[in-house]
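See structure below.
None of the figures in this text is laboratory data; all of them are computed from the coordinates on show. Everything quoted here is computed from the prediction, not taken from an experiment. Every residue, glycine as well, gets a Cβ built from its backbone with ideal geometry; the counts of neighbours run over all protein chains shown.
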């Protein structure tokens with residue numbers, strides 16, 4: 001009986017340490033961003049009609065099940081996206097800009113305009129993103145929002161935590177790009 005119990009505990013421990021998998025994409029359950037260790041808060045699949053567009057994971061210093069708590073959380077954060085279909089950079093940028101506009105007033109968007117243009121221009125310089133491309137958007141409290149594509153840092157870090165929160169609202173705002181993806185990123189996936 002004791003051996004069975006130990007085996008069960010070992011199996012449970014293994015499952016807790018296993019990577020999160022979405023649509024065949026494996027996301028680490030932990031990562032390090034800047035000086036901070038982060039945990040996978042949740043992961044989900046972005047679909048457009050029936051087409052799988054990308055798998056993504058949200059990493060935070062500690063798990064949060066509420067969008068407002070995620071937005072208010074201090075410390076480093078990471079959005080990790082793995083494309084599941086070929087996209088042009090323009091398609092990706094237009095979707096991000098639309099998601100941001102849907103979750104902000106015109107006045108808020110005006111305050112984000114220059115930084116959104118900087119971010120969009122950096123993405124547009126990539127031209128196309130093939131299936132399998134990884135896009136990582138980190139919040140580094142010391143320097144700002146950092147974009148990394150396939151392991152290569154792109155552009156300059158963008159100052160202002162408000163900009164990173166605006167990006168998060170694409171998926172976690174009051175009008176998220178996809179409701180079930182929001183729930184999955186909050187760790188509430190069924």
**Message:** Using only alpha-carbon positions, what ratio does the radius of gyration of the stretch 47-128 give when scaled by 2.2 N^0.38 Å?
**Reply:** 1.24
**Message:** Limiting things to C-alpha atoms, what are the Rg and the maximum Cα-Cα separation (Dmax) for the stretch 10-100, in angstroms?
**Reply:** 14.8, 47
**Request:** In a Gaussian network model over the chain where Cα atoms closer than 10 Å are linked, find which of 48, 30, 77 has the largest mean-square fluctuation.
**Result:** 48
**Request:** On a 0 to 90° scale, report how tilted helix 89-102 is relative to the longest principal axis of the chain, with both axes built from alpha carbons and the result rounded to the nearest 10.
**Result:** 90 degrees
**Complete:** From fewest to most C-beta neighbours within 10 Å, the residues 131, 120 line up as 131, 120
**Asked** Points 7 angstrom from Cα along the Cβ direction at residue 153 and residue 68: gap in nanometres?
**Response** 3.6 nm
**Complete:** So the angle from the long Cα axis of helix 161-172 to the longest Cα principal axis of the chain, reported in degrees to the nearest 10, equals 70 degrees
**Message:** Two decimals, Cα atoms only, Kirkwood Rh: what is Rg/Rh over the chain?
**Reply:** 1.00
